[in-house]
Amino acid sequence: MLEQLEGSQAVARAVAMCRPEVISAYPISPQTHIVEKLSDLVRTGELEPCEYMMVESEFAAMSACIGASAAGARAYTATASQGLLFMAEALYNASGLGLPIVMTLANRAIGAPINIWNDHSDSMSQRDSGWIQLFAETNQEAVDLHLQAFRLAEELSLPVMACMDGFILTHAFEQVDLPEQEQVDGFLPAFEPRQMLDPAEPMTIGAMVGPEAFTEVKYLMHAKQLQALDAIPEIAAEFTEVFGRESGGLVRSYRADDAETVVVALGSVLGTIEDVIDEMREQGVKIGALAIKCFRPWPIDEVREALSGADRVVVVEKAFAVGAGGIVGQNVRLALSGCDSTVFDVVAGLGGRPITRKSLRALFDDVVGGELEPGGLHFLDLKTDVVEREIGRNQNGRGLGPHAENILRDIGTVASDSH
Amino acid sequence: MAEQKIKGYQTGTFVVGNRLLDPEQRSTQARTERSNTLTSGHRACQGCGEALGARYTLDAAMRASGGKLVAANATGCLEVFSTPYPESSWQLPWVHSLFGNAPAVAAGVAAALKAKGREDIRVVGQAGDGGTVDIGFGCLSGMFERNDDVLFVCYDNEGYMNTGVQRSGATPPAARTANTKPVGPEPGNVFGQGKNVPMIAMAHEIPYVATATVAEPRDLEQKVERAIGMRGARYIHVFVPCPLGWGAASEDTIRLARLVKETGIFPVFEAEHGELTAVSKIRRRVPVTEYLKLQRRFSHLFKPEPNTEVLERLQAGADRNIERFGLLADDEGADFPGEATDLARPPEKEQGPPPALVEPDTDSNTSMLLKETHGKPR
Ligand SMILES: Cc1ncc(C[n+]2csc(CCOP(=O)(O)OP(=O)(O)O)c2C)c(N)n1
Ligand code: SF4
Ligand SMILES: [Mg+2]
């Protein structure tokens with residue numbers, strides 16, 4: 001049924017329809033509305049049986065999910081940013097133990113400087129944690145991905161992160177088609193754990209593994225992720241059959257068949273990118289887009305197939321590896337190794353800076369017109385004057401205070417245009 | 001009616017010889033149906049107090065729960081020596097996740113069981129002192145505060161043994177560890193403020209808190225059984241000597257665990273909902289030096305000459321416990337030599353106890369042996 005809903009409310013209700021038995025979460029913006037709603041649903045008995053644990057930290061939230069999942073319960077949590085980092089040790093543990101926990105990540109920047117707004121530096125920081133990472137473009141897709149995430153997690157016995165852009169999606173009111181409970185029950189069978197703490201059949205989970213077997217155990221984790229490359233499209237196809245709409249999968253191309261230039265991105269920014277593409281197409285520019293729906297496992301073949309015909313590939317990403325360059329960009333280059341396509345790395349939307357049609361248009365024009373240098377790392381809408389002044393100040397000596405303070409002083413603390 | 005006093009104590013303590021007891025009251029360890037939860041073949045050092053403590057605790061918990069038990073273990077010696085892949089010494093469902101999260105993992109297990117309507121299955125979380133009082137402390141306090149249905153057991157060997165004997169928040173003052181060596185102007189561990197987690201647990205007013213040592217398995221077992229019989233957050237802090245980390249003889253594990261209580265260094269007590277309900281009495285008070293000198297981690301306090309200042313401070317700490325918890329026995333009882341059921345060595349020559357700090361309370365003799373070991377606190 002179509003409803004006008006806040007993204008967080010929609011996701012919370014979708015999660016509830018997946019019948020988690022244990023929810024353990026710690027509040028952090030912009031995830032709060034999701035877990036608040038779930039708490040309501042548990043308190044009123046609408047979601048039952050379910051234990052909602054109000055833990056004292058994200059580390060405990062993930063740890064309780066680990067315990068609950070190991071005890072055979074469907075376990076769920078949600079977090080963002082600093083919260084994800086606070087659970088980092090437990091994230092690796094959950095994936096290493098092969099526990100099918102599902103987590104919503106309301107993507108937010110990582111400090112310092114502390115910043116509550118959207119970018120992808122949180123999910124990218126945990127890209128190698130062994131979790132599957134799915135990215136939603138819209139609130140509808142965020143809803144749909146959660147249903148698929150539980151299916152996928154439990155089919156393969158590994159944890160899944162469903163990523164949705166903080167504020168941009170979590171706090172946006174949009175029309176969302178919420179599924180019927182019976183449909184969800186048909187799509188997502190009851191959880192049958194692959195391993196379980198059961199006094200009737202005692203087993204040891206989490207033994208110490210030395211050099212004699214560690215490589216093999218880790219290889220099996222990798223093999224399972226590769227299996228997910230098959231399972232994700234299968235589950236997405238089945239989802240379409242049941243619910244009548246397309247959602248999820250590995251990648252999605254947009255007007256890219258004959259495109260000479262293809263823009264690669266993740267998440268909600270694709271909407272804006274597609275608007276710009278439409279505009280440029282009208283003017284005869286052969287440009288298209290490739291949405292990465294699943295970043296881990298990395299769908300290397302699908303990306304290669306989708307991009308190898310393009311002369312220019314522009315990766316617009318909301319995070320980067322400090323001191324190295326683009327993260328998605330590096331993965332795209334790996335997929336395109338041996339191809340002739342030129343890859344441009346563009347960092348955009350950090351800490352909630354709006355990615356506007358105007359800026360994207362200018363960027364794409366530069367790429368198509370051969371104005372952008374292919375090798376370097378580009379920052380969309382970087383205030384070069386601000387940066388240069390601060391670099392200049394720092395050349396004059398030490399003890400000048402933190403960059404953030406200096407820049408804020410420079411531009412005036414109220415000059416934020418981040419929303 | 002005239003009562004007949006039975007004096008079946010082990011030398012120097014109020015511990016009653018197992019064989020003198022009613023079969024029902026005998027140790028779980030003495031039973032043929034003992035579950036051997038931590039079974040043989042593990043790789044703990046000879047005389048490891050932690051292995052003993054875990055075995056006593058979990059066998060008793062298995063008995064009390066009718067075999068319906070799940071354990072969540074923190075990283076540490078216990079986890080490492082019991083599960084060298086692909087072997088496991090555990091005969092119960094057991095999960096190890098991380099060093100600092102065992103209380104939260106256990107709470108997650110309990111939540112899962114509740115959601116599934118399987119609250120007949122009981123949950124134990126366990127960790128060393130590091131995993132409890134230091135890195136796992138936030139998770140522990142959260143579990144207490146929520147009153148999650150978990151019995152958490154700390155095996156306190158007073159240091160990070162698994163990583164090579166470094167100091168923890170539970171390491172006693174003056175003790176030598178790998179990072180508090182007897183060098184510099186203040187040799188050994190510093191005199192900090194201490195971190196008494198049993199009392200911090202009491203401050204959470206959880207249903208049950210107890211301390212115990214591996215020298216008195218029946219006392220420990222009884223506490224575990226009581227704890228398993230209750231719901232909500234429960235905490236047992238077990239003192240477990242570590243021969244390797246302390247530089248003690250393997251055969252002195254029980255002796256040290258006994259002395260730590262009889263000196264007053266480690267008060268053995270029970271508390272419910274934040275109130276002290278019972279203390280285990282000291283039968284014959286022993287100076288702390290008797291305990292310290294058996295351990296190389298304190299040898300710098302005796303050589304080249306005794307460091308009287310530090311020894312006095314340590315004695316003062318024990319004296320304070322004795323006073324605070326009312327640890328001295330009202331009635332020292334008659335001597336009953338022999339029947340030292342789990343004392344590895346023959347008793348040494350008696351030493352005169354230091355003067356009692358508390359006036360003996362003469363009119364509260366009890367006839368029940370068990371009551372005598374669990375007298376009322378003052
Ligand atoms: C996050 C983290 N920090 C440090 C360690 C290293 N480490 C493993 S066990 C341990 C000490 C364990 O001490 P304790 O909990 O007292 O148990 P014991 O080995 O003494 O029984 C340490 C420091 C770790 N595994 N994880
Ligand atoms: S080092 Fe200590 S705690 Fe660890 S196995 Fe040896 S005796 Fe036991
Ligand atoms: Mg220890």
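The values are calculated or read from the model by the stated rules, or taken from the named source; none is laboratory data. Quantities reported herein were computed from a predicted structural model and do not represent experimental measurements. Cβ: placed from backbone, ideal geometry, glycine included. Neighbour counts: every protein chain shown.
For region B:135-189, a residue qualifies if it is within 16 Å of ligand 2 (Cβ to nearest atom), farther than 22 Å from B:TYR56 by Cα and within 14 Å of chain A (Cβ to nearest Cβ), and exactly one does: B:THR163.
Restricting attention to region A:79-123, the residues being part of a loop (DSSP other than H, G, I, E, B) and among the charged types (D, E, K, R) number 2. Do we have B:ALA316 as surrounded by fewer than 19 Cβ atoms within 10 Å (Cβ to Cβ) and without any contact (Cβ under 8 Å) to a residue 24 or more places away in the chain here? It is true that B:ALA316 is surrounded by fewer than 19 Cβ atoms within 10 Å (Cβ to Cβ) and without any contact (Cβ under 8 Å) to a residue 24 or more places away in the chain. The test for being modelled with pLDDT under 95 and either touching a helix residue (DSSP H, G or I) at 6+ places or on another chain (Cβ under 9 Å) or within 8 Å of chain A (Cβ to nearest Cβ) (or both) does not hold for B:PRO103. Going by the conditions given, is A:LEU350 over 24 Å from A:SER125 (Cβ atoms) and modelled with pLDDT of 95 or more? No: the conditions fail for A:LEU350. The combined condition, being β-branched (Val, Ile, Thr) and within 16 Å of ligand 1 (Cβ to nearest atom), is fulfilled by B:THR57. Considering (1) small (Gly, Ala, Ser); (2) exposed (fewer than 15 other Cβ atoms within 10 Å of the Cβ); (3) over 21 Å from A:ALA73 (Cα atoms), the lone condition that A:ALA190 does not fulfil carries the number (3). One residue alone among A:GLY130, A:GLY67, A:GLY83 is surrounded by 20 or more Cβ atoms within 10 Å (Cβ to Cβ), free of Cβ contacts under 8 Å to residues at least 24 places away in the same chain and not β-branched (Val, Ile, Thr), and that residue is A:GLY67. Given the structure, is B:ARG118 away from ligand 1 (no atom under 16 Å from the Cβ) and modelled with pLDDT of 95 or more? Answer is yes for this residue.
None of B:VAL209, B:VAL214, B:VAL240 is under 15 Å from the mean Cα position of the chain (by Cα), away from ligand 2 (no atom under 16 Å from the Cβ) and either touching a residue at least 12 places away in the same chain (Cβ under 8 Å) or more than 29 Å from B:VAL310 (Cβ to Cβ) (or both) except B:VAL209.
Residues A:ILE235, A:ILE205: which one is on the phi < 0 side of the Ramachandran plot and touching a strand residue (DSSP E or B) at 6+ places or on another chain (Cβ under 9 Å)? Break it down stepwise before answering.
Details: A:ILE235 fails: touching a strand residue (DSSP E or B) at 6+ places or on another chain (Cβ under 9 Å).
Among A:ILE235, A:ILE205, only A:ILE205 is on the phi < 0 side of the Ramachandran plot and touching a strand residue (DSSP E or B) at 6+ places or on another chain (Cβ under 9 Å).
Need pairs with beta-carbon distance below 8 Å; first residue away from chain A (no Cβ under 12 Å) and within region B:35-46, second assigned to a loop (DSSP other than H, G, I, E, B) and within 13 Å of ligand 1 (Cβ to nearest atom); sequence gap 6+ or separate chains. Going by the 8 Å Cβ cut-off, the qualifying pairs are B:CYS45/B:CYS242. Here B:SER82 qualifies as crowded, with 24+ Cβ neighbours inside 10 Å, at the interface with chain A (Cβ under 9 Å from one of its Cβ atoms) and in contact with a His (Cβ under 6 Å, 6 or more places away or on another chain). Quick check on B:MET230: is it hydrophobic (A, V, I, L, M, F, W, C) and within 12 Å of ligand 1 (Cβ to nearest atom)? For B:MET230, the condition - hydrophobic (A, V, I, L, M, F, W, C) and within 12 Å of ligand 1 (Cβ to nearest atom) - is not met.
Going by the conditions given, is A:VAL328 modelled with pLDDT of 95 or more and touching a Pro at 6+ places or on another chain (Cβ under 8 Å)? Break it down into steps so the answer makes sense when it comes.
Values: modelled with pLDDT of 95 or more: yes; touching a Pro at 6+ places or on another chain (Cβ under 8 Å): no.
No: the conditions fail for A:VAL328.
Being within 24 Å of B:VAL214 (Cβ to Cβ), more than 14 Å from chain A (Cβ to nearest Cβ) and in contact with a Leu (Cβ under 9 Å, 6 or more places away or on another chain), is that true of even one residue in region B:118-131? Yes, region B:118-131 has at least one match. For region A:62-99, give me each residue that is more than 8 Å from chain B (Cβ to nearest Cβ) and small (Gly, Ala, Ser). Across region A:62-99, the qualifying residues are A:ALA78, A:ALA80, A:SER81, A:GLY83, A:ALA88, A:ALA94, A:SER95, A:GLY96, A:GLY98.
The criterion of at least 2 residues that are within 19 Å of B:HIS204 (Cα to Cα) and touching a residue at least 60 places away in the same chain (Cβ under 8 Å) is met, among strands (runs of 3 or more DSSP E) falling completely within region B:55-158, by B:122-128, B:151-156.
State whether the residues of region A:235-252 include one that is part of a helix (DSSP H, G or I), within 14 Å of chain B (Cβ to nearest Cβ) and within 27 Å of A:ILE66 (Cβ to Cβ). Steps first, answer last, please.
Here is the first cut: in region A:235-252, the ones part of a helix (DSSP H, G or I) are A:235-243.
Cutting the leftovers down to within 14 Å of chain B (Cβ to nearest Cβ) gives us none.
No, every residue in region A:235-252 fails to be part of a helix (DSSP H, G or I), within 14 Å of chain B (Cβ to nearest Cβ) and within 27 Å of A:ILE66 (Cβ to Cβ).
Which one of B:THR289, B:THR373 is hydroxyl-bearing (Ser, Thr, Tyr) and modelled with pLDDT of 50 or more? Selected residue: B:THR289, the only one of B:THR289, B:THR373 that is hydroxyl-bearing (Ser, Thr, Tyr) and modelled with pLDDT of 50 or more.
Being within 7 Å of another protein chain (Cβ to nearest Cβ) and part of a strand (DSSP E or B) is the filter here; which residues of region A:43-53 pass it? Steps first, please.
Kept after step one, since they are within 7 Å of another protein chain (Cβ to nearest Cβ), are these residues of region A:43-53: A:49-51, A:53.
If the condition is that a residue be within 7 Å of another protein chain (Cβ to nearest Cβ) and part of a strand (DSSP E or B), then A:GLU51, A:MET53 are the ones that fit.
Give me a count of the residues in region B:48-84 that are within 20 Å of B:ARG34 (Cβ to Cβ), of a type in the set (Ser, Thr, Tyr) and out of contact with any helix residue (DSSP H, G or I) (no Cβ under 7 Å at 6 or more places or on another chain). Total meeting the criteria: 1.
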